[in-house]
Amino acid sequence: MAGRRQFGEVILSVENIGLSFGAVQALSGVSLEVRKGQIFSIIGPNGAGKTSLLNCINGVYHPQQGQISFKGQMRARMEPHQAAAQGIARTFQNVALFRGMSTLDNIMTGRNLKMRRGFLWKALWWGPAEREELAHRAQVERVIDFLEIEAIRKTPVGRLPYGLQKRVELGRALAAEPEMLLLDEPMAGMNLEEKQDMCRFILDVNDEFGTTICLIEHDMGVVMDLSDHVVVLDYGRKIADGPPEQVRRDPRVIDAYLGAAH
Amino acid sequence: MADPAASLRACDTMVKLLLRNAETRAQHTAYREKDYGIWQSWTWRQAADEVRAFACGLAALGLRRGDKVALIGSNRPQLYWAFDALQSFGGVAVPLYADSVAEEMRFVLEHAEARFAICEDQEQVDKVLSQKPHLPNLAAIVYCNLRGLRHYDQAFLHDLVTVQRQGRDYDKQHPGAFDAAVAQGKGNDVGLIAYTSGTTGNPKGVMLTYDGMIRSARLSCAAEGVREDEEMLAYLPLAWAGDHFFSVAQHHWAGFALNCPESSDTVMLDLKDIGPTHFIAPPPIFESFLTQIHVRIADAGWLKRKAFEYFLAVAGRSGVALLEGRPVGPLDRLWLALGEFTIYGPLKSNLGLSRIRRAYTGGASLGDEVFDFYRGIGINLKQLYGQTECFAYCTLQRDGDVRSDTVGPPCPEVEIRIANDGEVLYRSPGNFVGYYKQDNLTREALEPDGWVHTGDAGFVDERGHVKIIDRAKDVGKLKDGTLFAPQYIENKLKFFSYVKEAVAHGLDREFVGCFVIIDLQAVGNWAEKQGLTYASYQHLASLAPVRELIKGCIEQVNRALAKDRALVGSQIKRFLLLHKELDADDGELTRTRKVRRRIIAERYKPLIDALYSGARQASVESQVRFEDGRVGLLHADLEVSDAKTFPAAGADTAPLGKAA
């Protein structure tokens, strides 16, 4: 499928960004362009700066140089909640859910930014606030149905196996109805069956909702099958950028990542 | 046919019953389904409208009288409507097991010459599409769930919404066509071909008429007092005749509400939501409930555990007697009431069984302990016996006359006869009319005067209850002529929660040997309590303490067998714990989870040889089929152990055989 699909305009553009923590140069001179509707992967060996790059896009880190623009809007200094309001949602490498809360409540938190009524209305729970919550709940139920997690709707997520927790986390990100989804190693630590399920959900999300997906992943097989476009980082620098079949053949990539034992 | 209006009133087909209910029970709930977390419901009127649109849509696609239509999927209202819809225009329903692999489906689709297939979702559509080149008769596939099917562009694929829309147009363009087609349907038409899962050979297509199905439903509803206000959960496979009996025939006859679960994973949660009054479950479900309860009680605090044990003993003593109508003293009644308040009530509520008026089980026998547990806590659990050929069941225990070791007396208008060789025969109002396109098999099973051979060996006891021992062809002799009834022995073993399956061998051998398949949950829990660590099922099954645990179970079974003079010689002398669970995907079980003996005998021949050669160890290589269809090889070295046997007449000292 890769390469043959048509994509829309550039939705995210990262230009020449550099990020350092003291003497450690995490990213230097990285540029990339993600188009609407793409499944875009960032790969690279451990410590190559993948998560740092994702954190820059997401507004958690602020690069010392370069520019990031999303949907044509140039960002000055941006905070994560502003990124979320713009339509960027993400999941984390280590599951970051409220472990004591149910699946349903966890996914409901993904609707937080869409809620209009203030604290007092919520406390009164009457009329408009009730109607609004019902609408949000309906949207959450669509996500639950989509991810096939009906059976664990009321289960506290701390009791769920790891693969399902990852799915709930994806559910929370989807509940925000994002235009762009950042997935930080969505398949890390999963068994084969869980990985297959997750791949199917990523493809389905992209297909059904047209969500642009930007993911970091270790599993090369998964990345090559799933992605429309791949960027390879090594020591904070971009060493390859193109469709998967081209990246797979790139000698620098083979040296840095595919060929090297790690 | 002379008067279409009179024909419509005759109520001699399922669709006519549906239309009757749409008049008489228009505003009452017919179907419910949990969707997006909320129970959606359809009244009989709405259901009839959906069916009408669906039926006309099928007619517009070219459905003709006599066409066979395959139905594949889980319990969705849309698929239940599909039965009525295709039968409206004279189609014959052929439901398939949704978890069958594509090749298994091909046999039925080919044999039934299905012209249409109605599929639930992408998974089923894909399976049918993969076999399409072999199915020249298949003209169209209709699917209910759009997900993932958006990019399929074959012209013969249709989604239900479009089919129903076209059906409404067709209905407008051809006024009266639907009513005329329904009026043409007669009671003696074949409405359903139910393919039996087939413990031996290929499945057989059991042809059932509306007359037979409706008469069974009518008689059973009357005898059991099934009312229009029942709540029932539809969760057993559509292709199983029993589901059709309860979820279509009784449902249409009595007019109660049928509830479809959200997904197969949520059945237990949905059971709690609904609290059915009318319930059927195969023995494994009742056993797994009980296993879960025991596992959770074992983890509970001291006080709760003691209270549970105490009141369980009270239930076993007095609760069972109360349900049987036997006298129970005032003090015992008081304890029962206290037990109901503290233990039984919350327990039933937790399982979703609070409102049960009657619960049925059948297909295999349920252990005394399990049976008495449910009866004791006040659930009217009863056993029935039947097969697809008599449309669900022909014997059923009556209220107040229930014992765990029988399947009850014959149902109203059913006759039972025992042949000279011990085989059970019946003649029932729901009798099938033959196997589709297999006249030779029909002649073997169905005598011209209506008696049907069950293939089961059994007898009728002094109170008129039927007792089934085993499959007639499975009941054999050991080398010395001792009676050997493998299923009887296996069932005794399976009553232990640690044993999931057992396969007994012994035909023409010197003694009985046995394979035991342990229950991962129960044994795993036990192992954790003992401080044993294990990595996998195979590892757990190979641990010496686990072997000792199972040995204890086997010796208890041997002790029970020793009490019966006919069976004292068939005690288990040697056994081994199998390294994997039996799996329908590997062909070792049928889709209804019955053991396929012949296949096991072939596949595990080295293990059987080891049982009888006196070897201490055996090794085997077996094929495992993964869910995605790939095949792997599993190698295992197994220990063979000896079990103690006991002399006759109940004495439980001085073992006869060699002690291990």
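Any read-out appearing in this document is the output of simple, stated calculations on the displayed coordinates, not a laboratory observation. Quick caveat, the model's predicted, so the values are computed rather than measured. We place every Cβ from the backbone using ideal geometry, glycine too, and count neighbours over all the protein chains shown.
Placing +1 on the Cβ of every Lys and Arg and -1 on the Cβ of every Asp and Glu, with nothing else charged, gives chain B a dipole about its Cα centre of roughly 720 debye. Candidate cross-link partners of A:Lys36 among the lysines, defined by an alpha-carbon separation under 16 Å and a same-chain spacing of 8 or more, comprise A:Lys71. Quick note on chain A: its Rg to Rh ratio, both from C-alpha atoms and Rh being the Kirkwood radius, is 0.98. Applying both filters, DSSP loop and at most 15 other Cβ atoms within 10 Å, to the GluC sites (Glu not before Pro) of the stretch A:120-176 gives A:Glu148.
Gyration tensor analysis over the Cα atoms of the stretch A:65-119 returns equivalent ellipsoid semi-axes of 27, 16, 9 Å (largest first, whole Å). Calculated [222 nm] ellipticity per residue, helices only, for the protein assembly as shown: -11000 deg cm²/dmol; basis is -39500 (n - 2.57) per DSSP H run with n ≥ 4, divided by all residues, nearest 500. Once both labels are positioned 7 Å from their Cα atoms along Cα-to-Cβ, the gap between A:Leu120 and B:His174 label points is 6.5 nm. Where the centroid of each part is defined by its Cα atoms, how far is the stretch B:186-240 from the stretch B:364-381 in Å? Computed from Cα coordinates, the inter-centre distance equals 25 Å.
If each residue of separation counts as 0.36 nm, what is the full-extension length gain between B:Arg598 and B:His28 once their alpha-carbon separation is subtracted?
Length gained between B:Arg598 and B:His28: 200.2 nm.
In summary, the lysines within cross-link reach of B:Lys348, defined as a Cα separation below 23 angstrom excluding same-chain residues under 8 places away, comprise A:Lys154, B:Lys34, B:Lys272, B:Lys304, B:Lys306, B:Lys382.
Considering only DSSP beta bridges whose two residues both sit in the protein assembly as shown, what percent are antiparallel, to the nearest 5? Present the calculation step by step, with values, prior to reporting the outcome.
Details: 72 of 125 bridges.
In the protein assembly as shown, approximately 60 percent of DSSP beta bridges are antiparallel ones.
For the protein assembly as shown, list log₁₀ I(q)/I(0) at each q in 0.10 Å⁻¹, using the Debye formula over Cα point scatterers of equal strength and ignoring solvent, two decimals each. Debye intensities relative to I(0), on a log10 scale: -1.31.
Specify the inter-centroid distance of the stretch B:488-516 and the stretch A:1-54, based on alpha-carbon positions, in whole Å. Answer, in whole Å: 62.
Expressed in nm², what is the orientationally averaged projection area of the convex hull enclosing the Cα positions of the stretch B:476-642?
9.7
Summing Lys and Arg as +1 and Asp and Glu as -1 over all other residues whose Cβ lies under 13 Å from the Cβ of A:Cys214 gives a net charge of -2. With a Förster radius of 30 Å applied to the C-beta separation of B:Leu334 and B:Arg463, the computed FRET efficiency comes to 0.40.
Modelled this way, with points 7 Å down the Cα-to-C-beta line, the labels at B:Gln292 and B:Lys605 are 4.2 nm from one another. Return the FRET efficiency for the residue pair B:Ala5, B:Glu113: r is the Cβ-Cβ distance, R0 is 41 Å, and the value is rounded to the nearest 0.05. E between B:Ala5 and B:Glu113, to the nearest 0.05, is 0.75. For the residues of A:203-212, the average number of beta carbons from a partner chain within 10 Å of their own beta carbon is 1.
Of the residues B:Pro77, B:Ala48, B:Ala544, the one whose Cα sits farthest towards the positive end of the charge dipole of the protein assembly as shown is B:Ala544 (charges of +1 on Lys and Arg Cβ, -1 on Asp and Glu Cβ, taken about the Cα centre). Taking 23 Å as the straight-line reach from the Cα of B:Lys172, the lysines in range (excluding those fewer than 8 positions away in the same chain) are B:Lys16. Among the chymotrypsin sites (Phe, Trp or Tyr not before Pro) in the stretch B:136-177, those located in a DSSP loop and surrounded by at most 16 other Cβ atoms within 10 Å of their own Cβ are B:Tyr152, B:Phe156. Annotation: extensible slack from B:Asp508 through B:Glu123 equals 134.0 nm (criterion: 0.36 nm per residue apart, minus Cα-Cα distance).
The equivalent ellipsoid that matches the C-alpha gyration tensor of the stretch B:4-274 spans semi-axes of 25, 22, 20 angstrom, in descending order.
Expressed in units of 2.2 N^0.38 Å, where N is the residue count, the Cα radius of gyration of the stretch A:97-177 is 1.10.
When ranked by the protection proxy of mean other Cβ atoms within 10 Å per residue, highest first, what sequence do the peptides B:5-17, A:57-69, B:509-521 form?
So the peptides B:5-17, A:57-69, B:509-521, ranked by packing, come out B:509-521, B:5-17, A:57-69.
In order along the stretch B:357-369, phi translates into HN-Hα couplings of 8, 8, 10, 10, 9, x, x, 7, 8, 9, x, 3, 4 Hz, rounded to whole numbers, per the Karplus curve 6.51 cos²θ - 1.76 cosθ + 1.60 with θ = phi - 60° and x for Gly and Pro. Using bins of 20 Å that start at zero, the share of Cα-Cα pairs per bin across chain B amounts to 17, 50, 30, 4, 0, in whole %.
Note on the stretch B:103-167 and the stretch B:253-288: Cα centroid distance 28 Å, given to the nearest whole angstrom. Placing unit charges on each Cβ (+1 for Lys and Arg, -1 for Asp and Glu) gives the stretch A:98-251 a dipole about its Cα centre, and among A:Val157, A:Leu182, A:Pro243 the Cα reaching farthest toward its positive end belongs to A:Val157. Annotation: for a label point projected 7 angstrom from Cα along Cα→Cβ of A:Gln82, residues of the stretch A:94-118 with backbone N closer than 19 Å are A:113-114. On the beta carbon distance between A:Asn16 and A:Val95, with R0 = 35 Å, the FRET formula returns roughly 0.60. Along Cα→Cβ, 7 Å out, is where each label goes; now give me the distance between the ones at A:Gln246 and B:His134 in nm to one decimal. Going from the A:Gln246 label point to the B:His134 one covers 4.5 nm.
This model, with +1 at the C-beta of Lys and Arg and -1 at the C-beta of Asp and Glu, gives chain A a dipole about its Cα centre of some 700 debye. Rg of the Cα atoms in the stretch A:1-139, relative to 2.2 N^0.38 Å, amounts to 1.30.
Under 15 Å between C-alpha atoms is the cut-off here; go through the stretch B:498-609 and count lysine pairs that meet it, provided they're at least eight residues apart or on different chains.
Number of lysine pairs found: 4.
For the protein assembly as shown, the dipole from Cβ point charges (+1 on Lys and Arg, -1 on Asp and Glu) about the Cα centre works out to 1200 debye, to the nearest 20. Projecting the Cα atoms of A:Gln73, A:Leu12, A:Ala85 onto the charge dipole of the stretch A:7-120, computed from C-beta unit charges around the Cα centre, puts A:Ala85 farthest toward the positive end.
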